[in-house]
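Quick notes on the structure that follows.
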Amino acid sequence: MKLLSSQQTRRAFLDFFVRNGHTEVPSASLVPVNDPTLLFTNAGMVPFKDMFLGLESGPYTRATSSQRCLRVSGKHNDLEEVGVSPRHQTFFEMLGNFSFGDYFKLEAIQLAWKLLTEELQLPVERLWFTVFAGDDEVPADEEAERIWIETGASPDRVLRFGRADNFWVMGDTGPCGPCSEITIYIGDDISKMRKEGVNSDDPDYVEIWNLVFMQYERSTMQPLPKPSVDTGMGLERMCMVMQGVHSTYETDLFRDIIKRTMELTGGDEAHVREHQVAYRAIADHTRACAFLVADGILPGNGKRSYVLRRILRRAAYLGRTIGLTQPFLAETADVVIQIMGDAFPELWAKRDYILQTLTAEEEAFGRTISSGLVLLERALSELPPGEELTGKTAFTLHDTHGFPLDLTQKIAAERGIVVDQQGYDSERLEQQRRGQEGAKFKRDAEAELWAEHDLPQTEFIGYTDLHGQTTVLAVLVDGEARSTAQAGQQTRIVLDRTPFYAQGGGQVGDTGTLVGPQGRIRVEDTLRPIPGVFVHYGTVEEGFISIGDTVEAQVDVERRYDIMRNHTATHLLHRVAREVLGDHAAQAGSLVAPDRLRFDFTHSRAITPEQLQEIERRVNTWIRADTPVDWRVTGYQDAIAQGAIALFGEKYSESVRMVTAGCGSDVPFCSRELCGGTHVARTGEIGLFRILQESSSAGGIRRIEALTGRGADEWASAQASTLREVAARVGAPTNQVLERVDGLLSELKQLQRQLENVRSEAGRGALEDLLNHVERQNGVAFIAARVAAPDAKVLGEMGDWLRDKMGSGVVVLGTVLNDKPQLLAMVTKDLVPNGYHAGNLVKGLARIVGGGGGGRPDMAQAGGRDVEKLDEALANVGTLLAEQTVQR
């Protein structure tokens, strides 16, 4: 048997099938395209699903790929097995060869035999082959059994199993059929090999390949006219075999990740063996996180985003259990990129972005994990034997401290405690209901309202015409269908054709007028509450409009052109942002309005002023180049092949509208996007582009707000006017305003320092007076006093000064901040070994003022609600010190 690295194993598989007439297809994203049934790509055949279903045809009938996959949800959920099992991963690669109505069982089995026994030189005496045993619905797969034996397998090595092991279905409908699995015995003593080990839990038997023969239609179980083949070989398991180890975590796909983790902990091989589950899980989770971020997923609370957050925070928690208190996932992810970057170049291309994103999320979790763990530990310790952790507590941990439910369940399970998941789900759904009830009701009610009318699709003519003659099909007033809308009434109108763009894709709806033979409507918005139906919202300004009227539909031209300028500028901004920041800067939302544009995109850190300036400069250069902007309807795959950007999370039909700006042989600018919005004909029509501000929109999402055309001109004029006014007020020419303002600020800072010195001297005098009123309790000096402090920082500085002056003793200060009492306790270090504890002291005082708090033995703070009890609390310092003396 050959000994091969993971790179060699992957290439050996792909190259073998390419030599045998297959087209090598690059791995698709972990996010399935146009498949709402799947959260993630979880098998090698997913990118070819429509080809197997006959919904689309490709340029090949034979394909091979190494597809990245993720299994963390639904029936394919390996998350709980990761680390515990030596062979389960959330993220893995599926090697596969596929036939779309080309070859079938004979060639599939012959190719598999040749690859395993000749190319990879696996020992035949260790191989087992399984086929479908048959049942009342489908006969046994005697054909596959016969082919295996004729190809070279010993008859006693071909075993029959039932539907659970050897029959594959895609769903209630679609292709299905028997499958044939190949298993290898990796035990040290081949004399112990038995057929009973196949499809058992015995770790010496490893299933390495599954050949699926799609030959029936599931709903009828009739033979398919063109049977197909789908095979899947897990690269990680195959590497385990090819490298002679008994765990996927011992292969070169994981070894260096685990080694780097060990280096970060300062541990050794013994430490790794002692904490094997944590080390393995961190390695697996790092791989999953790196690829998810590379494929455009960011940590968050959306479906896919939350999966990433769960996996990442699980890894961060496991890191803490082995001594990693600082963010470390960027370090382990960097190793993943080094191992897999050659096979998946997008990892190298997005390396910095991946590392920044992981670190930012890990830091965010680090800010809450300590307090969350304290809350969880307290809740678990207070539970009576046999009790569940309440769903309310689990949800509080999630909502306030960022603990995914499965992390809470994991920690609880380590103590033999179950979490009330039903109660957790109830709390979560109740919060969602409170937050979404109003908006959901409004949205659903509007859609239901129009669905009842069974209207034909509206013909949209607004790409080329902003004016047109059209017919009224429906009239609504106060939510009810009417034949006529009268003057003064607010109404909703549906036309058979319209030049009005309905809100969608970030672009706002058009406004304008509808003028009929007897009346006129001012259109204030245009929406599409149900697919294909454009609804014009407005007010009847004069006369009346009735169903069947022929009306002149006129879009507000000036407003539409402002919108078009902003929409085309958004495409230019998207392209330029990718050039300046990197290809990871993908659109994550937008608003295209007449007065401004807003562009949200994936980027993990604030954009520097220099980067913003460069983005603005490049967009304006593109505008001045006056490149053409055109669009055409084409096939989705054709558009993608031409480099068109499909927005993440959007679902597209097979026929799409591709908008192109530039892209000629004589210009250096090129943008292609799938877009249904309206655009100018040339970039020069945008006029001017000005960025107003850049900010954070959400975790890992940045936002740029900008102006174009008339709005940019007006903004520039306003800025110039403001500059002239400031210049006049500070008494300087406009070109020297900045120097003059810097001088005034310097003078202001000097005056502020002088004022602070005066206040400090006055405050120091008050503190020195407190040193004349030191009290004692059991020989320990202490000061308990109410002081005036503007903030917690100054209060701390006062405590530091008094403690240092006392040398040995206890300081307790109270003040009022924002109308609430605040307490500070300090204990000199020489008293801490004697049992004096600032945290316990301040905790007791906080109860008196109706609050809580705590801290270290030498320093602690607390707040409360009852200002009137502050003096009472300070008066009790001596009593509480006496109690600490008794306790020690």
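The values are calculated or read from the model by the stated rules, or taken from the named source; none is laboratory data. All values reported here derive from a predicted model rather than from experimental measurement. Because the Cβ atoms are built from the backbone with ideal geometry, glycine has one as well, and the counts that use them run over all protein chains shown. Accessible surface areas use protein heavy atoms only, side chains included; no ligands, DNA or RNA. Shrake-Rupley method; radii C 1.70, N 1.55, O 1.52, S 1.80 Å.
For segment 669-720, what does the equivalent ellipsoid look like in terms of its semi-axes, each the square root of 5 times an eigenvalue of the Cα gyration tensor, given largest first in whole Å? Mind dumping the intermediate values first?
Details: eigenvalues 92, 89, 15 Å².
Over the Cα atoms of segment 669-720, the semi-axes work out to 22, 21, 9 Å.
On a full-extension model of 0.36 nm per residue, what is the gain between Gln777 and Thr879, subtracting their alpha-carbon distance, rounded to one decimal in nm?
Details: separation 102, 0.36 × 102 = 36.72 nm, distance 0.85 nm.
Separation in residues times 0.36 nm, less the Cα-Cα distance, equals 35.9 nm.
Roll a 1.4 angstrom probe over the protein heavy atoms and tell me the percent of accessible area of the chain that is carbon or sulfur.
On the way: 19650 of 41220 Å².
Carbon plus sulfur share of accessible area: 48 percent.
If you stretched the chain out fully between Gln338 and Lys303, how much longer would it get, using 0.36 nm times the residue separation minus the C-alpha to C-alpha distance?
Working: separation 35, 0.36 × 35 = 12.60 nm, distance 2.90 nm.
Separation in residues times 0.36 nm, less the Cα-Cα distance, equals 9.7 nm.
What does the charge count around Ser695 come to, taking other residues whose C-beta lies under 12 Å from its C-beta (Lys +1, Arg +1, Asp -1, Glu -1)? Could the numbers behind the result be given before it?
Values: positive: Arg598, Arg702, Arg703; negative: Asp600, Glu694, Glu705.
Result for the local shell: 0.
Using the Cβ atoms and a cut-off under 11 Å, what net charge is assigned to the surroundings of Pro733, where Lys and Arg are +1 and Asp and Glu are -1? Could you put the intermediate results ahead of the total?
Numbers: positive: Arg724, Arg740; negative: Glu739.
Residues close to Pro733 contribute a combined charge of +1.
Given DSSP loops and a limit of at most 16 other Cβ atoms within 10 Å, what is the longest stretch of the chain that contains no such GluC sites (Glu not before Pro)? Let's see the in-between values first.
Numbers: sites that count: Glu56, Glu137, Glu382, Glu387, Glu388, Glu414, Glu452, Glu650, Glu654.
No qualifying site falls inside 138-381, the longest such stretch.
Just the Cα atoms of segment 466-554, one point each, no solvent: what log10 I(q)/I(0) does Debye give at q = 0.16, 0.25 Å⁻¹?
-0.52, -1.32
Which FRET efficiency value, to the nearest 0.05, is calculated for Val477 and Val667 with the Förster distance at 45 angstrom and r the Cβ-Cβ distance? Provide the component values of the computation, followed by the final result.
Working: r = 52 Å, r/R0 = 1.15.
According to the calculation, E is roughly 0.30.
For segment 1-122, take N as its residue count and report Rg(C-alpha) divided by 2.2 N^0.38 Å. Show your work: numbers first, answer last.
Details: Rg = 15.6 Å, N = 122, 2.2 N^0.38 = 13.7 Å.
Dividing the Cα radius of gyration by 2.2 N^0.38 Å gives 1.15.
Only four residue types carry charge here, +1 at the Cβ of Lys and Arg and -1 at the Cβ of Asp and Glu. Report the dipole size of the chain about the Cα centre in Debye, rounded to the nearest 20.
Working: 95 positive and 125 negative charges, 383 e Å.
It works out to roughly 1840 debye.
Per residue and in Å³, how big is the convex hull formed by the alpha-carbon atoms of segment 599-664?
Numbers: hull volume 7.7 nm³, N = 66.
So the per-residue hull volume is 117 Å³.
Measuring with a 1.4 Å probe in the full set of protein chains, what accessible area per residue, in whole Å², belongs to segment 183-321? Please list the in-between numbers first.
Working: 5350 Å² over 139 residues.
For segment 183-321, the solvent-accessible area averages 38 Å² per residue.
May I ask you to give the solvent-accessible area per residue for segment 719-834, in square angstrom, as obtained with a 1.4 angstrom probe? Don't skip to the end; give the middle numbers.
Numbers: 7400 Å² over 116 residues.
Per-residue value: 64 Å².
Please report the relative contact order for segment 90-188, taking Cα pairs under 8 Å with a sequence separation of at least 6, and give it as a percent rounded to a whole number.
Numbers: 107 pairs, mean separation 29.5, N = 99.
Averaging sequence separation for qualifying contacts and normalising by length gives 30 percent for segment 90-188.
Measuring from label point to label point, each 7 Å out along Cα→Cβ, what is the Lys2 to Glu654 span in nm?
Those two pseudo-labels are separated by 4.0 nm.
Which FRET efficiency value, to the nearest 0.05, is calculated for Glu150 and Asp172 with the Förster distance at 41 angstrom and r the Cβ-Cβ distance?
Details: r = 35 Å, r/R0 = 0.86.
Computed FRET efficiency for Glu150 and Asp172: 0.70.
Going by the alpha-carbon gyration tensor, a ≥ b ≥ c the square roots of its eigenvalues, is segment 549-706 rounded (a/c under 1.5) or, if a/c is not under 1.5, prolate (a/b greater than b/c) versus oblate?
Working: a/c = 1.40, a/b = 1.24, b/c = 1.13.
The shape class here is rounded.
Within the set of other residues whose C-beta is less than 9 Å from the C-beta of Gly864, count the net charge using Lys and Arg as +1 and Asp and Glu as -1.
+3
Quote the convex hull volume per residue of segment 638-700, based on C-alpha atoms, as a whole number of Å³. Walk me through the numbers on the way to the answer.
On the way: hull volume 9.8 nm³, N = 63.
Roughly 156 Å³ of hull volume per residue.
When a/c reaches 1.5 or more, the comparison of a/b and b/c decides; with that in mind, is the chain rounded, prolate or oblate per its Cα gyration tensor?
Values: a/c = 2.00, a/b = 1.14, b/c = 1.75.
Since a/c reaches 1.5 but b/c is at least a/b, the shape of the chain is classed as oblate.
Need one number for segment 325-370: average projected area of the convex hull over its C-alpha atoms, nm². It would help to have the intermediate numbers written out before the result.
Numbers: hull surface 12.4 nm².
Convex hull of Cα atoms, orientation-averaged projection: 3.1 nm².
What FRET efficiency comes out for Val245 versus Asp135 if R0 is 51 angstrom and r is the Cβ-Cβ distance? Round to the nearest 0.05. Don't jump to the answer; show the numbers that get you there.
On the way: r = 38 Å, r/R0 = 0.74.
The calculated FRET efficiency here is 0.85.
Multiply the residue separation of Gln637 and Val557 by 0.36 nm, subtract the distance between their alpha-carbon atoms, and state the gained length in nm to one decimal. All intermediate terms of the calculation are to be shown ahead of the outcome.
Numbers: separation 80, 0.36 × 80 = 28.80 nm, distance 3.46 nm.
Answer, rounded to one decimal: 25.3 nm.
Over segment 566-684, with the other protein chains present, what is the accessible area per residue in square angstrom, probe 1.4 angstrom?
Numbers: 5070 Å² over 119 residues.
Dividing the accessible area of segment 566-684 by its residue count gives 43 Å².
Normalising by the residue count of segment 33-136, find the relative contact order in percent from Cα pairs under 8 Å and 6+ residues apart.
Details: 92 pairs, mean separation 24.9, N = 104.
This gives 24 percent for segment 33-136.
Among Phe17, Asn818, Phe100, which residue has its Cα furthest toward the positive end of the charge dipole of the chain, with +1 on Lys/Arg Cβ and -1 on Asp/Glu Cβ?
Farthest towards the positive pole: Asn818.
Please go through segment 449-545 and write out the trypsin sites (Lys or Arg not before Pro) that DSSP classes as loop and that have at most 15 other C-beta atoms within 10 Å.
Details: sites: Arg482, Arg492, Arg497, Arg520, Arg522; in loops: none.
Here no loop site has a sparse enough neighbourhood.
List the relative contact order of the chain as a percent without decimals, with contacts defined as Cα pairs under 8 Å and 6+ residues apart. Don't skip to the end; give the middle numbers.
Values: 1637 pairs, mean separation 51.8, N = 888.
Across the chain, relative contact order equals 6 percent.
What whole-number volume per residue, in cubic angstrom, does the convex hull of the C-alpha atoms of segment 508-611 give?
Values: hull volume 13.8 nm³, N = 104.
Residue-normalised Cα hull volume stands at 133 Å³.
Which of rounded, prolate or oblate describes segment 47-186 when judged by the alpha-carbon gyration tensor and an a/c cut-off of 1.5?
Numbers: a/c = 1.32, a/b = 1.11, b/c = 1.19.
Rounded, because the longest to shortest axis ratio a/c is under 1.5.
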